[in-house]
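Structure first, commentary second.
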Amino acid sequence: MTAKFDVRLDGILEFAGTSVRRGDRFDQVMAALEAAKVGRESFGKMPSSGDVYASYEERVTSTMNDLKECAEAMRDIAESVRDTAEDYQGVDGGIGEILTDIVQGLEGLTIPKVGG
């Protein structure tokens, strides 16, 4: 026996919206990080400063790529969740149409008595 469950489309769509907002927040973090970046000159002229800058630049670039992937993932989640909501609506609508067709098909039929 299958368990009964109710689908809350409003909840599904709200989750999609929060996923988009999370993606937007990742974009904001990327913008802040980009605004705070410093150039090579900020690391001075010591012999090892070039290596320190290269390491800094590598980490900033890696972090920016990770944040971009996170923002894209949040938007992908939102799109998938919206698709799921549309699928539920489509199934509900399709079942309603089938039941209407059945009722219309049964109209006017006479059902014989059994046993008597």
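Going by alpha carbons, how many degrees (0 to 90, nearest 10) lie between the helix axis of 9-36 and the longest principal axis of the chain?
Helix 9-36 sits roughly 10 degrees off the main axis of the chain.
Please work out how much length the chain gains when fully extended from Val114 to Thr84, using 0.36 nm per residue of separation minus the C-alpha to C-alpha distance, in nm with one decimal.
Working it through step by step, the gained length comes to 6.3 nm.
Given C-alpha coordinates of region 30-116, what is the ratio Rg to Rh with the Kirkwood estimate of Rh?
1.66
How large, in percent, is the carbon and sulfur part of the accessible surface of the chain at a probe radius of 1.4 Å?
58 percent
What size of dipole, in debye to the nearest 20, comes out for the chain about its Cα centre when the only charges are +1 on Lys and Arg C-beta atoms and -1 on Asp and Glu C-beta atoms? Walk me through the numbers on the way to the answer.
Numbers: 13 positive and 22 negative charges, 85 e Å.
Once rounded to the nearest 20, the dipole reads 420 debye.
Among Val103, Ala36, Ser49, whose Cα sits farthest toward the positive end of the charge dipole of the chain (+1 at Cβ of Lys/Arg, -1 at Cβ of Asp/Glu, about the Cα centre)?
It is Ser49.
Under 20 °C and 1.002 mPa s, how fast does region 1-79 diffuse according to Stokes-Einstein, given a Kirkwood radius computed over C-alpha pairs? Answer in µm²/s, whole number.
139 µm²/s
Once the Cβ-Cβ distance between Arg25 and Arg59 is put in as r, and R0 is 22 Å, what FRET efficiency do you end up with, to the nearest 0.05?
Calculated value: 0.60.
Would you compute, from DSSP H runs of 4+ residues alone, the mean residue ellipticity of the chain at 222 nm, taking -39500 (n - 2.57) per run and dividing by the full residue count, rounded to the nearest 500?
It lands at -27500 deg cm²/dmol.
Output the 0 to 90 degree angle, nearest 10, between the alpha-carbon long axis of helix 49-106 and the longest principal axis computed from the alpha carbons of the chain.
Tilt of helix 49-106: around 10 degrees.
Show which lysines lie in cross-link reach of Lys45 when reach means a straight Cα distance below 29 angstrom and same-chain residues fewer than eight apart are skipped.
Hits, sequence-local ones excluded: Lys37.
Could you calculate the FRET efficiency of Leu106 with Arg8 from 1/(1 + (r/R0)^6), where r is the beta carbon distance between them and R0 is 25 Å, rounded to 0.05?
For R0 = 25 Å, the calculated efficiency reads 0.15.
Go through Phe26, Phe15 and list them by solvent-accessible area, largest first, probe radius 1.4 Å. Working shown, then result.
Numbers: Phe26 60, Phe15 95 Å².
The residues order as Phe15, Phe26, largest area first.
Over the chain, what is the relative contact order in whole percent, taking alpha-carbon pairs under 8 Å and six or more residues apart?
42 percent
Whole number in Å², please: accessible area per residue of the chain, 1.4 Å probe, ligands, DNA and RNA not counted.
Values: 9110 Å² over 116 residues.
Ligands and nucleic acids excluded, the result is 79 Å² per residue.
The values are calculated or read from the model by the stated rules, or taken from the named source; none is laboratory data. Predicted model, so just to flag it, every value in this text is computed and none were measured. We place every Cβ from the backbone using ideal geometry, glycine too, and count neighbours over all the protein chains shown. With ligands, DNA and RNA removed, areas are computed over all heavy atoms of the protein, side chains included. Shrake-Rupley method; radii C 1.70, N 1.55, O 1.52, S 1.80 Å.
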